[in-house]
Every structure is written in structure tokens, then in C-alpha cells.
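Participant: Below are the C-alpha cells for one structure; questions will follow.
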């Protein structure tokens, strides 16, 4: 059986969340075993996306808060994927959730920030290089069943670059979610002063998350699949970290290279 490496249980591997009002909703719920299973089953091009989202959700579940903060999650994942040289962008959408005997349209009057600091609508992370979009915060909605596999969704990009202009239904085991793209002028509606003020914190959280996940990707049971991915920088990082020992504490997630006392971060590699 493949040896499985757990994500680090330390603060540096967790997200840094701005202190604005939380939206009541479902609880984040995912186990290390489920994250590992999802990574083992993912194709090489989707592997880093699944790993990032799964470990991020696991860290959220450790703190036991709501699974909300779609903007928070998308930004952290955006900066984490950037550490691997994978471009992505956050897009606001209108979300239709249908399940648990209810149907609700979130952001039906157009995505926007409410005066109380909550976001009206939903966000997803568009990853053109993978031909997919990523949604890791569906568990915040009461219509989505409280199961581990319902927490994470990877969907196809219709035109290879974005969500297109037509509603995109995603039929799942026991519920339906429909993503309604909004006009170009509204897709950046998630941007706001709180995000600008906390941008450095999002970047640090993304860097720590990326280092945490690559510590799993470079293990024997995932290394070959990672090296088969279409992301040159990710492949270079995995090879550069051969024999490295990870260090995770309040100062962040780092690696000690063989034969050197110096600790490096992913950003230190060319």
C-alpha cells in the first residue's frame, strides 16, 4: 500500500483570513484520507488543483469554522497555484443550488458586497492551463449535502479559457448546482478594499499552502504523477526538493536542502 503523508498540522499551513463578518452556513468537512484518495484518483493535470483545494479544506475543517468565504478560499488557492507557475483568476458568478429539498439563487441580483461585509453571490477559480474551474466552498450552502465529496468541485471550461456565457449545470450525486456567468463588468465584483488591505496575508497563506501540498506531491506515491503533469515549474520544484526536509512553524513553511544549513521557500527557486 502506498505510504501517505498527511498535511502539516501547524498554523503556517493554514489560511490567513481577514477579520470581516462570517456568513452563516455549513461546516467544512473533509478528512486526510479523503484528500489523499482524491489526489490518487486525479489525472496529472488536475492533481495540483485537487491537492490545493483538498488540503485547504482540511485546514479549514481543523479550525471548524463555516465553509463560507468563497472569495477568501479562491484568493488563497490563486496565490498557491501561482507558486507552481499555474495561472488562474477569481471570477464572480451567480450560483443556483438545488438539493436537500430546497432551491436558492445566490447573487441573483448581481454579485456585490453587502454593507455588513458579506459577499452576495459566489466565486470560483478559473484555471485555463488545466481547462477547469475550481470550487472549494460549496459546503457553505444549505442545499449542498453535508458529505466530504460534496465539498470540492472541478468543472470544465466551456471554451478552454472561461465559463462562457450560458448557465453551466453540474449534476452531482444528490444535488444540482448551476453556475450562471455574469457580464464581464461584474466578474470582478469580488474585489474590494478589505481584499487589498489583506493581500500580503493572502500571498503568505498561498505560499504556505503550496509548500504544504508539494510536500505531499513529492512523496513516492504521487511523485511520478506530479512529474507527468503539464506544469514545468511544478516539475522543476519537485526535482529540486529531492532529499529536502520540510520545516513548518509560525515563520512559514520551508525546506532544508541536503548538505546545506540554509532553509529555502518555493519562491527562492528560479
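Where a number appears in this text, it was derived from the coordinates with a stated rule and is not lab data. Computed from a predicted model, the values in this text were never measured in an experiment. In this analysis, Cβ positions are derived from the backbone assuming ideal geometry, glycine residues included, and neighbour counts consider all displayed protein chains.
Participant: Give the calculated FRET efficiency between residue 224 and residue 264 to the nearest 0.05, with a Förster radius of 25 Å applied to their Cβ-Cβ distance. List each step's numbers first, then the result.
Facilitator: Details: r = 24 Å, r/R0 = 0.96.
Working from the Cβ atoms, E equals 0.55.
Participant: Next question, about the same structure. Using 0.36 nm times the number of residues separating residue 257 and residue 102, minus their current alpha carbon distance, what extension gain do you get? All intermediate terms of the calculation are to be shown ahead of the outcome.
Facilitator: On the way: separation 155, 0.36 × 155 = 55.80 nm, distance 5.30 nm.
Length gained, residue 257 through residue 102: 50.5 nm.
Participant: Multiply the residue gap between residue 87 and residue 159 by 0.36 nm, knock off their C-alpha separation, and tell me the result in nm, one decimal place.
Facilitator: On the way: separation 72, 0.36 × 72 = 25.92 nm, distance 1.65 nm.
Taking residue 87 through residue 159 to full extension adds about 24.3 nm, to one decimal.
Participant: Also, quick follow-up: Per DSSP H run of n ≥ 4, the term is -39500 (n - 2.57); total these for the chain, divide by its residue number, and report the mean residue ellipticity at 222 nm rounded to 500 deg cm²/dmol. Mind showing how you got there, number by number?
Facilitator: Numbers: 7 runs with 82 residues, N = 270.
After summing the helix terms and dividing by the residues of the chain, the value is -9500 deg cm²/dmol.
Participant: Also, I was wondering about something else. Rank these for me by crowding, 225, 245, 262, going from fewest to most other beta carbons within 10 Å. Spell out each step's value before the answer.
Facilitator: Values: 225 15, 245 12, 262 9.
By the 10 Å Cβ count, ascending, the order reads 262, 245, 225.
Participant: Over 10 Å intervals from 0, what percent of Cα-Cα pairs in segment 11-199 sits in each interval?
Facilitator: 9, 39, 41, 11, 0
Participant: Top mean-square fluctuation among 56, 190, 113, Gaussian network model of the chain, C-alpha springs under 10 Å?
Facilitator: Comparing 56, 190, 113 in a Gaussian network model of the chain, the most mobile one is 113.
Participant: Taking neighbour counts of Cβ atoms within 10 Å as a proxy for exposure, in what order, fewest first, do 78, 112, 198 appear?
Facilitator: Working: 78 22, 112 14, 198 18.
Arranged by neighbour count, lowest to highest, 78, 112, 198 become 112, 198, 78.
Participant: What angle, in degrees between 0 and 90 and rounded to the nearest 10, separates the Cα long axis of helix 32-41 from the longest principal axis of the Cα atoms of the chain?
Facilitator: Once rounded, one gets 90 degrees.
Participant: Looking only at 117, 162, 131, which one moves most when the chain is put into a Gaussian network model with springs between Cα atoms under 10 Å?
Facilitator: Per the Cα network of the chain with a 10 Å cutoff, 117 tops the list.
Participant: Give me the one-decimal nm value for the distance between modelled label points at residue 147 and residue 245, 7 Å along each residue's Cα-to-Cβ direction.
Facilitator: Result for the modelled spin labels: 4.3 nm.
Participant: Among 114, 59, 146, determine the one that fluctuates most according to a GNM of the chain built with springs between C-alpha atoms less than 10 Å apart.
Facilitator: 114
Participant: How high is the relative contact order of segment 117-234? Use alpha-carbon pairs under 8 Å, at least six apart in sequence, and give a whole percent. Working shown, then result.
Facilitator: On the way: 97 pairs, mean separation 17.4, N = 118.
Contact order relative to length: 15 percent.
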